[in-house]
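Asker: Sharing a structure below in structure tokens format, with a few things to ask.
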């Protein structure tokens, strides 16, 4: 927000230099970007936070100055002179979406003489970086910067039938804007239209065909209130923004809408010789009851560490436009003005009291109680899961809790019960609470595929909702879901890395399993003790077709609650090894049905004290191996903590392992 120091003096008397003024504003919580001398004037550039739309005007800044100095705030008197011609006979306003446009006013001024604005007005606009255009446009900009309420002037002759329709755009409509760009409109964009076509992008920018020009003789003056979120979305989707949209995005005060209209009409009468039609078309759907907040005086002392008596708090809040009345002996009833949407609860008022008193008056050292807190094991496990997956190159997704009921039935690995459904869902086609995170992640993969990203690594940590027989409320289970395209060994390695971080490596076994949405023969389950804590596999063909995927990804879902219960998060220190390792390879032949976990169990059960680790190598099936058999090659690493192993010691350990494999699994060495 750029302000003119000379302009600011219209609303409050002060004898401060620009530097002193900037310092005072900084004390009241505003960040000063720059002080720029401009001729006999000076421009102060202030960064205004998004929660303070009241400061996006000269009057808003003047209110703070007046409160700080104890000086009166002068709001300009508005005098308008209306003709006998009724405005309702000249213009009709129809608002088709009151939520997006809760208030719209229109005035009509005839006999307008378009020309240069008065020199003082032009100088002030130039001081804050606005280029003068003509008296009518400059007046709308002047009022905007004066009170923070955007105005827009239409050439009345360019509005077909004198009709204003505030409506969502129709798909494919094109609007030429006053900056020379053409915008392709969509139904999410709100437009101002006449009886046929859009003439402005509501709250953002006017249309080229209805702009004020030298030929204009009659002006329709718009002053309105638009929904902040819709304006924000429209500016982002169209790439168009303006000083007006900047303020509408942050919300404007409803009472100022009509005041600003009268102010602009009065100035147009003074500086363009206009004749104002009698009355105003005011379509008002706003319902904004006064916000009343109770402020407890002892609470101020507890929060700020200093006592502020009720009379002082009353004066501080009253100075910035709050109505304050006593509410018992130790409290105040505060009515929040409409231009302060950021103040809603008691702590907001306490912050205002501190700001107006001066942050430097708040004691730096106060006896505030400090209570140490501990992070729960569940939260630690979730954070560790996220950190591990990100380190492994995955991207976290956050998806919707709701699914189509048929999808929820098809993807339900944790319960056989029908999914829980809502009677009044946000979307009619997504009424089921998800029993698994995988369907939503598969949709994420589909979106990435449609945007040209063939391979993904995504995960989500969130809740699944599991129906239980005889229960009205579903059980909530925290799960970790993974979708990737690298295949079985990649997914398995990812899970094993996570299990190692949780202190569960070697405790969770993997076994063949079946799951309807996973491919037969390419599905596995993870077991911890006797409980299934995860499933993993390649997506089945019908699920691939359901999501219209180009190829089948590998997926995994883990029960984080079960893993959390068993997780060992305490870490013990181990000295770095001082002696070298000896690595030996083994290639054994076993029956086709022997699983890797069985081999590991036999190796570790051999009692070889020097064995440090075992790592899988490869599987071979071919001419050198009998039918029904397979050859598995793996590496064994030996190390002693107190000496360098001899060849005989390593060979003895190897022999004991080979013997254990032969005894437990009937394994033979491959020759």
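Asker: Return a yes/no flag: does the stretch 52-70 have any residue that is on the phi > 0 side of the Ramachandran plot and modelled with pLDDT under 95.
Answerer: yes
For every residue, the table says whether it meets (1) in contact with a strand residue (DSSP E or B) (Cβ under 7 Å, 6 or more places away or on another chain); (2) farther than 30 Å from residue 506 by Cβ.
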{"site": "415", "(1), (2)": "yes, no"}
{"site": "424", "(1), (2)": "no, yes"}
{"site": "434", "(1), (2)": "yes, yes"}
{"site": "438", "(1), (2)": "yes, no"}
{"site": "453", "(1), (2)": "no, yes"}
{"site": "484", "(1), (2)": "yes, no"}
{"site": "488", "(1), (2)": "yes, no"}
{"site": "491", "(1), (2)": "yes, no"}
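Asker: Could you list, in sequence order, the residues of the stretch 292-320 that are under 14 Å from residue 348 (Cβ atoms) and either touching a helix residue (DSSP H, G or I) at 6+ places or on another chain (Cβ under 8 Å) or surrounded by 14 or more Cβ atoms within 10 Å (Cβ to Cβ) (or both)?
Answerer: Selection gives 293, 294, 295, 296, 299, 300, 303, 304, 313, 316, 317, 320.
Asker: Right, another one. Please determine whether any residue of the stretch 91-101 is in a loop (DSSP other than H, G, I, E, B) and more than 33 Å from the chain's Cα centre (by Cα).
Answerer: Taking the stretch 91-101 as the starting set, the residues that turn out to be in a loop (DSSP other than H, G, I, E, B) are 91, 96-101.
Cutting the leftovers down to more than 33 Å from the chain's Cα centre (by Cα) gives us 91.
Yes, there is a match, as at least one residue in the stretch 91-101 is in a loop (DSSP other than H, G, I, E, B) and more than 33 Å from the chain's Cα centre (by Cα).
Asker: For the list (1) buried (at least 21 other Cβ atoms within 10 Å of the Cβ); (2) assigned to a helix (DSSP H, G or I); (3) out of contact with any strand residue (DSSP E or B) (no Cβ under 9 Å at 6 or more places or on another chain), I need the number of the one condition that residue 11 fails.
Answerer: Residue 11 satisfies every listed condition except (2).
Asker: Quick check on residue 601: is it touching a residue at least 60 places away in the same chain (Cβ under 8 Å), more than 35 Å from the chain's Cα centre (by Cα) and closer than 28 Å to residue 388 by Cα?
Answerer: yes
Asker: For the condition in contact with a strand residue (DSSP E or B) (Cβ under 7 Å, 6 or more places away or on another chain) and outside the structural domain of residue 36 (by TED's automatic domain parsing), what is the one hit in 113, 92?
Answerer: Residue meeting the stated conditions: 92.
Asker: Further question on the same structure: For residue 582, state whether it is buried (at least 16 other Cβ atoms within 10 Å of the Cβ), under 16 Å from residue 659 (Cβ atoms) and in contact with a strand residue (DSSP E or B) (Cβ under 7 Å, 6 or more places away or on another chain).
Answerer: Criteria not met by residue 582.
Asker: So which residues in the stretch 265-279 are outside any helix (DSSP H, G or I), in contact with a strand residue (DSSP E or B) (Cβ under 9 Å, 6 or more places away or on another chain) and surrounded by fewer than 21 Cβ atoms within 10 Å (Cβ to Cβ), if there are any at all?
Answerer: Just the residues of the stretch 265-279 that are outside any helix (DSSP H, G or I), to begin with: 273-279.
Narrowing further to those that are in contact with a strand residue (DSSP E or B) (Cβ under 9 Å, 6 or more places away or on another chain): 274-279.
275, 278, 279 - these are the residues of the stretch 265-279 that are outside any helix (DSSP H, G or I), in contact with a strand residue (DSSP E or B) (Cβ under 9 Å, 6 or more places away or on another chain) and surrounded by fewer than 21 Cβ atoms within 10 Å (Cβ to Cβ).
Asker: Ok, one more. Based on this model, can you work out whether residue 250 counts as in the same structural domain as residue 219 (by TED's automatic domain parsing), at pLDDT below 95, over 30 Å from residue 310 (Cα atoms) and surrounded by fewer than 19 Cβ atoms within 10 Å (Cβ to Cβ)?
Answerer: Answer is no for this residue.
Asker: Please go through the stretch 577-609 and give me each residue that is out of contact with any helix residue (DSSP H, G or I) (no Cβ under 8 Å at 6 or more places or on another chain) and closer than 20 Å to residue 645 by Cα, ordered by number.
Answerer: The answer is 577, 578, 579, 580, 581, 583, 585, 604.
Asker: Would you mind listing the strands (runs of 3 or more DSSP E) fully within the stretch 171-216 where at least 2 residues are over 24 Å from residue 114 (Cβ atoms) and modelled with pLDDT of 95 or more?
Answerer: Details: elements: 174-176, 182-184, 190-193, 198-201.
Passing ranges, in order: 190-193.
Asker: Looking at the stretch 225-247, can you tell me whether even one residue there is under 30 Å from residue 2 (Cα atoms) and either assigned by TED's automatic domain parsing to the domain that holds residue 52 or assigned to a strand (DSSP E or B) (or both)?
Answerer: yes
Asker: Please go through the stretch 180-220 and give me each residue that is under 34 Å from the mean Cα position of the chain (by Cα), surrounded by fewer than 14 Cβ atoms within 10 Å (Cβ to Cβ) and without any contact (Cβ under 8 Å) to a residue 40 or more places away in the chain, ordered by number.
Answerer: 180, 182, 184, 187
Asker: Please specify each residue of the stretch 87-119 satisfying the condition of being out of contact with any helix residue (DSSP H, G or I) (no Cβ under 8 Å at 6 or more places or on another chain), under 22 Å from residue 159 (Cα atoms) and loosely packed, with under 13 Cβ neighbours inside 10 Å.
Answerer: 89, 96
Asker: For residue 262, all conditions in the list (1) in contact with a helix residue (DSSP H, G or I) (Cβ under 8 Å, 6 or more places away or on another chain); (2) buried (at least 18 other Cβ atoms within 10 Å of the Cβ); (3) at pLDDT 95 or above hold save one; what is the number of the exception?
Answerer: (1)
Asker: Select, from 382, 391, 409, 434, the only residue that is surrounded by fewer than 16 Cβ atoms within 10 Å (Cβ to Cβ), in the same structural domain as residue 560 (by TED's automatic domain parsing) and farther than 18 Å from residue 491 by Cα.
Answerer: Values: 382 fails: surrounded by fewer than 16 Cβ atoms within 10 Å (Cβ to Cβ); 391 fails: farther than 18 Å from residue 491 by Cα; 434 fails: surrounded by fewer than 16 Cβ atoms within 10 Å (Cβ to Cβ).
So the residue among 382, 391, 409, 434 that is surrounded by fewer than 16 Cβ atoms within 10 Å (Cβ to Cβ), in the same structural domain as residue 560 (by TED's automatic domain parsing) and farther than 18 Å from residue 491 by Cα is 409.
Asker: Within the stretch 54-62, is even one residue more than 31 Å from the chain's Cα centre (by Cα) and assigned to a loop (DSSP other than H, G, I, E, B)?
Answerer: No, the stretch 54-62 contains no residue that is more than 31 Å from the chain's Cα centre (by Cα) and assigned to a loop (DSSP other than H, G, I, E, B).
Asker: Restricting to the stretch 610-621, name every residue that is over 19 Å from residue 662 (Cα atoms) and either touching a helix residue (DSSP H, G or I) at 6+ places or on another chain (Cβ under 9 Å) or outside the structural domain of residue 647 (by TED's automatic domain parsing) (or both).
Answerer: Listed by number, the list holds a single entry, 610.
Asker: Need the failing condition index for residue 340 against (1) out of contact with any strand residue (DSSP E or B) (no Cβ under 8 Å at 6 or more places or on another chain); (2) surrounded by fewer than 18 Cβ atoms within 10 Å (Cβ to Cβ), just the number.
Answerer: Just one mismatch for residue 340, condition (2).
The values are calculated or read from the model by the stated rules, or taken from the named source; none is laboratory data. Computed from a prediction, not measured in an experiment: that's the story for all the values here. Quick reminder, even Gly has a Cβ in these numbers, built from the backbone with ideal geometry, and neighbours come from all protein chains shown.
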